[in-house]
1. Just to be sure before I move on: is E262 in a strand (DSSP E or B), touching a strand residue (DSSP E or B) at 6+ places or on another chain (Cβ under 8 Å) and of a type outside the set (A, V, I, L, M) in the structure I sent?
2. Of the residues E147, E131, which single one is more than 16 Å from the ligand (Cβ to nearest atom) and either modelled with pLDDT of 90 or more or farther than 29 Å from M175 by Cα (or both)?
3. Inspect all residues belonging to the range 189-204 and state whether any of them is of a type outside the set (G, A, S), buried (at least 24 other Cβ atoms within 10 Å of the Cβ), under 11 Å from the mean Cα position of the chain (by Cα) and within 25 Å of A280 (Cα to Cα).
4. Which of the residues belonging to the range 294-333 are hydrophobic (A, V, I, L, M, F, W, C), more than 14 Å from V372 (Cβ to Cβ), assigned to a strand (DSSP E or B) and touching a helix residue (DSSP H, G or I) at 6+ places or on another chain (Cβ under 6 Å)?
5. Going by the structure shown, is G370 surrounded by 14 or more Cβ atoms within 10 Å (Cβ to Cβ), in contact with a helix residue (DSSP H, G or I) (Cβ under 6 Å, 6 or more places away or on another chain) and not charged (D, E, K, R)?
6. For residues that are more than 20 Å from G301 (Cβ to Cβ) and surrounded by fewer than 17 Cβ atoms within 10 Å (Cβ to Cβ), tally how many sit in the range 341-350.
7. Being within 24 Å of E131 (Cβ to Cβ) and assigned to a loop (DSSP other than H, G, I, E, B) is true for just one of A230, A280, A253, A191. Which residue is that?
8. Is it the case, given these coordinates, that V338 is surrounded by 22 or more Cβ atoms within 10 Å (Cβ to Cβ) and either in contact with a helix residue (DSSP H, G or I) (Cβ under 8 Å, 6 or more places away or on another chain) or without any contact (Cβ under 8 Å) to a residue 40 or more places away in the chain (or both)?
Amino acid sequence: MNAGDRVRVERADQTHEGVLLPSTTADHLVVKLDGGYNVGIDRAAADVEVLEADAHEIEEGGDGNASTVEFDEDLPTVSLISTGGTIASTVDYRTGAVTAQFDAEDVLRAVPDLAGLANYRGRVVANILSENMTPDVWRELAEAVHEEIEAGADGVVVMHGTDTMQYSAAALSFMLDTPVPVVFTGSQRSADRPSSDNVMNAVCAVEAAKSDAAEVMVCMHASESDDVCALHRGTRVRKNHTSRRDAFETVGAKPLGEVDYETGERPEVSFRRDYAERGAADLAIAPELNPEVELLKFAPGMDTSFLDAVEGKDGLVIEGTGLGHVHTDLIPRIEDLVDDGTTVVMTSQCIEGRVCDRVYDTGRDLLDAGVVEAGDTLPGTAMVKLMWALEHTSDPETTMAEPVAGELTERSVPWE
Ligand code: GLU
């Protein structure tokens, strides 16, 4: 029994028929019913009969070229990788096991507006809400992107839930050197709502994936209208609204560029800042992460014993107040952590600006305790970077204070 199989499930006095979806737990089956709803079913309490095996499984060993969509040699090839979230609910999983390829036809069935923009390769890495992302999935995703580029993709689009897209984009920014664009996109409103942003975001992301910017980027609505998508650098972006379609913003700078959806027949991509050019970097991957890192937000009144939970961890990123402070009573405990080998990094819970612990006493005491300042690195990005730096650099403390993937500016400059 595989994801993509058509199944009949009997449990108690109910019978369900539909297509088996990839499930994140071994204990549950997830079935897409013919009406479109997904049901989760306790595996132990259900009898399952496979009515029809996944067509792609049957074709295994064939020529692997089942798609009827013709390859257009004048168009670039874009690989679409799905990880889940609202945008992926448009993707038809009839053919998708977790690591399976889904082909050009499946992509175009999901978002017909993508027709004629590129040749497509499709791939499912996960089918999860992005709050369920883990460093292991980031790694699988980076490896899948790497494989797609190696196989000849001229650009990659990653479809992802919006809640933690910024963490995944940051993770891939550190893990990959890419000669082609890698563009994350998602959707704040599902496809069944008139205000859905999924088609425009997907189309703009494909255009960005064909562009000259070989960066890991996030492509999402730039305004509440269906006019422009913004292109954000993967390490500097933040989801700043729970539900608006233009929830994503670049922090501390202008976005890298934009995709104008309203101009002419094809959306136009333009850039406002310097970017790494297509082909400039050789493809490389450094996907290992040390997951023994926590991100902690300080608040007045925080119990000192809260830090006990971090004992033995390899890294701690603190979101301090203002320039990078915590209550004086926490500082000896932080010093103990540093002495025991935990790399402790300071960021700020202010959205804009950079930490500077030389100005006030508590800051200077934190520096004396061995805390490292992460400049203007965003807290979530700093956490991902520390996971990466602990694996890939001999001196993670120094790395955290230096830019690696556009996450840290040497000095803050005013911007329009
Ligand atoms: N919270 C879910 C996620 O981030 C669904 C919403 C969305 O796709 O943005 O995956």
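The values are calculated or read from the model by the stated rules, or taken from the named source; none is laboratory data. Note that the structure is predicted; figures quoted are calculated from it, not measured. No Cβ is skipped: glycine too gets one built from the backbone with ideal geometry, and neighbour counts run over all protein chains shown.
1. no
2. E147
3. There is no residue in the range 189-204 that is of a type outside the set (G, A, S), buried (at least 24 other Cβ atoms within 10 Å of the Cβ), under 11 Å from the mean Cα position of the chain (by Cα) and within 25 Å of A280 (Cα to Cα).
4. L295, the sole residue that qualifies.
5. Yes; evaluated as a whole, the condition is true for this residue.
6. Total meeting the criteria: 1.
7. A191
8. So V338 does not fit the description; no.
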